[in-house]
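Novice: The structure follows.
The values are calculated or read from the model by the stated rules, or taken from the named source; none is laboratory data. Computed from a predicted structure; not experimentally measured. Here Cβ is always computed from backbone atoms with ideal geometry, including for glycine, and neighbour counts include all displayed protein chains. Accessible surface is based on the protein model in full, side chains and every heavy atom, while ligands, DNA and RNA are left aside. Shrake-Rupley method; radii C 1.70, N 1.55, O 1.52, S 1.80 Å.
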Amino acid sequence: MRSSWIDFRSLVMAPTDSLRAAMARMNEQEASIILVCDADLRLKGVVVDGDIRRALIANPDLDQPLLSLMTVSPRTVTADCGMHTLRALAESALSPWLPMVDSEGCVCGLIDLVRLRQEQNRLPNAVVLMAGGKGTRLHPYTLDVPKPMIPVGGRPILETIIRRLAGFGFERFYISVNYKAEQIIDHFGNGRGFGVEIDYLHEDQPLGTAGALQQLVGRETLPVLVMNGDVLTRLNLRALIDFHQHEGVAATLAVREHTYQVPFGVVEMEHHRLRELAEKPVHRMFINAGIYVLSPSALATIPEGEFFDMTQLLDALKGTSAGVACFPVAEYWMDVGRIDDLERARDEFEQHF
């Protein structure tokens, strides 16, 4: 079990260091905080994963300095803080991280409050992996096996997803199955061979990308992580749960920036007069990354036994008072939905996993 007392030195960066460098450091250390310090380790501020996601929405420049987005004067504790106080903070703090400073304001420790309050580094939130689709765009591979069971890096895509989630502390899984369900069930069983618990959401008929989740109504009282069974990513999924809970929303949608360049000069006109001529402009947009967090209230809006897509669910939730938050994914992400995506994922697997 990883201790709740973290070696903070690997998470110290300077105010002038870039957002790009901070993301790489977080990914390398599998943490969701950077301690922004001067040369003497005096704490100037902190940057948490949620700060990065909000910054990317406003300004996707990865070279911006941490000084521009850090939280100054973050909550800290002193080195003589007792364990009783720490446990109380673990129950009440919004942030999962708590820097410890000495009398000079220099960092001398970092406490992971989530791990402090959860035994054996386990998250109580359930995970649902959507693995019931036919994967027609991956024919002929999916004629014999379901898409999540196609091997990448020597093992099924779904196995890599489960192992990575288990590494973040998730231990309870549901797998939504339909097409060639027996292959998935035979491979994973009850999950004990992978150090987790697995139940199955059976679809006797296709229920869309959200319909099967209605089976969880009344069974789950905490936010549920939902992920497509063909997505490979280095995203910190624990940070996604933290972000969702901090925002207090009905749902959180992971989004990925997508760019494409028009191969021609684009003409903008006003009536029959030229207004602007842009040579091969680049368009930027955010796309659905196939990863979600849903609160129990969101699950309760899914109709029973009906075909219902995730887009319908999010469309219904966005108009509620709680609303839907967006969480940008800047880490490695690959939706293995087409043959060229599969080939690329196989080429890149060793590099990222």
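Novice: Quick check: Cα centre of the range 230-298 to Cα centre of the range 317-353, how many Å?
Specialist: Comparing the Cα centres of the range 230-298 and the range 317-353, I get a distance of 11 Å.
Novice: Something else now. Among Gly218, Gly167, Gly323, which one shows the highest mean-square fluctuation when the chain is modelled as a Gaussian network with alpha-carbon springs under 10 Å?
Specialist: Residue with maximal mean-square fluctuation among Gly218, Gly167, Gly323: Gly218.
Novice: Carbon-plus-sulfur fraction of the accessible area of the chain, 1.4 Å probe, in percent?
Specialist: 49
Novice: Shifting gears a bit: Let me make sure I get this right: for the range 304-353, a, b and c are the square roots of the gyration tensor eigenvalues over alpha carbons, sorted descending. Under 1.5 in a/c it's rounded, otherwise prolate if a/b > b/c, else oblate. Which is it?
Specialist: Since a/c reaches 1.5 but b/c is at least a/b, the shape of the range 304-353 is classed as oblate.
Novice: Once you have a ≥ b ≥ c as the square roots of the Cα gyration tensor eigenvalues for the range 196-353, tell me rounded if a/c is under 1.5, and otherwise prolate or oblate according to whether a/b is larger than b/c. Don't jump to the answer; show the numbers that get you there.
Specialist: Values: a/c = 2.07, a/b = 1.54, b/c = 1.35.
Prolate is the answer for the range 196-353, as a/c is 1.5 or above and a/b outweighs b/c.
Novice: Right, another one. Starting from the Cα gyration tensor of the chain, multiply each eigenvalue by 5, take the square root, and state the resulting semi-axes largest first in whole Å.
Specialist: For the chain, the semi-axes come out at 35, 29, 20 Å.
Novice: Of the options Leu56, Leu143, Phe8, report the single residue whose Cα projects farthest towards the positive end of the charge dipole of the chain (beta-carbon charges: Lys, Arg +1; Asp, Glu -1).
Specialist: Towards the positive end, the residue furthest out is Phe8.
Novice: Which whole-number percentage describes the relative contact order of the chain, with Cα contacts under 8 Å and a sequence gap of 6 or more?
Specialist: With pairs under 8 Å counted, the relative contact order is 16 percent.
Novice: Identify all lysines with a Cα-Cα distance to Lys180 below 23 Å; exclude those on the same chain that are fewer than 8 residues away in sequence.
Specialist: Within the straight-line cut-off, Lys180 pairs with Lys134, Lys147.
Novice: Quick one: dipole size for the chain, taken about the Cα centre, charges +1 on Lys/Arg Cβ and -1 on Asp/Glu Cβ, in debye to the nearest 20.
Specialist: 160
Novice: What ranking of Ile291, Ile57 comes out by heavy-atom accessible area, probe 1.4 Å, highest first? Write out the running numbers ahead of the final one.
Specialist: Working: Ile291 0, Ile57 85 Å².
Largest accessible area first, the list is Ile57, Ile291.
Novice: Now, a different point. Considering only Ala251, Ala181, Ala24, give the residue with the highest GNM mean-square fluctuation for the chain, with springs between Cα atoms whenever their separation is below 10 Å.
Specialist: Comparing Ala251, Ala181, Ala24 in a Gaussian network model of the chain, the most mobile one is Ala24.
Novice: Let me ask something else about it. Before I look further, what does the range 221-353 give for accessible area per residue, probe 1.4 Å, in whole square angstrom?
Specialist: On the way: 6980 Å² over 133 residues.
Per residue, the range 221-353 has 52 Å² of solvent-accessible surface.
Novice: Moving on to the next point. Measuring from centroid to centroid over Cα atoms, what is the spacing of the range 51-67 and the range 205-228 in Å?
Specialist: Taking the Cα centre of each part, the range 51-67 and the range 205-228 sit 32 Å apart.
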